[in-house]
1. On the given criteria, is residue B:50 within 19 Å of the chain's Cα centre (by Cα) and within 14 Å of DNA strand D (Cβ to nearest atom)?
2. Considering region B:1-42 alone, what residues qualify as being assigned to a helix (DSSP H, G or I), near DNA strand C (Cβ under 10 Å from one of its atoms) and surrounded by fewer than 18 Cβ atoms within 10 Å (Cβ to Cβ)?
3. Got a number for residues in region A:62-87 being away from DNA strand C (no atom under 16 Å from the Cβ) and not aliphatic (A, V, I, L, M)?
4. For the structure I just gave you, tell me whether residue A:55 is within 16 Å of DNA strand C (Cβ to nearest atom), within 15 Å of the chain's Cα centre (by Cα), part of a helix (DSSP H, G or I) and exposed (fewer than 13 other Cβ atoms within 10 Å of the Cβ).
5. Name every residue in region B:73-111 that is over 24 Å from the mean Cα position of the chain (by Cα) and within 16 Å of DNA strand D (Cβ to nearest atom), in order of residue number.
6. Which helices (runs of 4 or more DSSP H) sit wholly inside region B:61-126 and have at least 2 residues that are facing another protein chain (nearest Cβ under 8 Å) and within 22 Å of residue A:106 (Cβ to Cβ)?
7. So which residues in region B:58-87 are surrounded by 14 or more Cβ atoms within 10 Å (Cβ to Cβ) and among the basic types (Lys, Arg)?
There are 2 protein chains.
Amino acid sequence: MEIVIDIDDPIPLFAQLIEQIKHAVAKEHLKPGDALPSIRQLANDLALNSKTVAKAYRLLERDSIIQTKGYRGTFIHPEAKKNSAVDMAAWVEEKITHTIAVCRDAGVTDSEIRIAFANVMNKRNV
Amino acid sequence: MEIVIDIDDPIPLFAQLIEQIKHAVAKEHLKPGDALPSIRQLANDLALNSKTVAKAYRLLERDSIIQTKGYRGTFIHPEAKKNSAVDMAAWVEEKITHTIAVCRDAGVTDSEIRIAFANVMNKRNV
DNA sequence: ACTTGTACCATCACTATACATGGTACATAT
DNA sequence: ATATGTACCATGTATAGTGATGGTACAAGT
């Protein structure tokens, strides 16, 4: 596990971390069951804030790339390789692209779309 | 046509203008074919910038509430009353609400939805 | 000449969000 | 005690979008 973080890279630090762990899983440098460094340990090694690492871990767990087992630490998920191939972001963009295209076709301005989007996002009861 | 603009109202000025013209159409204080003040005239009367009035007119025309006839001025659209009842904003919100709900159900965070949305909006080739 | 809508150029204040940081605290399980 | 993930409090910087403003200019039609 060599992880390199470039603070000058425009890609957010937490995203660089996710990217590299996913890549290591895809390349099988990390296999199911392998232990990952603790959040605090990794934050210390990479000179990052623990919240930044925690954010990456939280998202990786949501995508079932890793599994956190409380006090016992964090491990590579059994289905990690398969799940690392799933591009959730692309799927979301595809959904949103379609909706926006429909609105634009109806003559709605981008500004209005943005306002409607903001309104919906800020109604938590959705 | 008495239009009152309240600069202390949190509602944007151009939106107040749209609102009041639509209302006048719905109440039939403005009927199809009625002439509206020119952009510069109305801007002057209401102490608004002409671009602000132009924005309102542009949106009203898109929604077929008014018709601009170049040098001849601006008039109430024949179908204005019917079109003033159409709530484009609500329709857009409904579309977006559905898409966002689907994404949230899939476990996508609001932050990720926002980023995907921004990405799509900034790809003009949609 | 004059007015119409429209299209550029631009600036400013305001707001919202993302990202990253820091500190403190907690239950869990060794 | 110690270490785990996690949750809450908070701040600061940077970016992006909105709303509104102002100026200049143009074709179209009287």
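1. yes
2. B:40, B:41, listed by residue number.
3. 9
4. no
5. Result: B:107, B:109, B:110, B:111.
6. Here the list reads B:88-105, B:110-121.
7. Matches in region B:58-87: B:58, B:62, B:81.
FYI, it's all coordinate maths here, none of it is from the lab. Just so we're clear, the structure is a prediction, and the values are computed from it rather than from any experiment. Here Cβ is always computed from backbone atoms with ideal geometry, including for glycine, and neighbour counts include all displayed protein chains.
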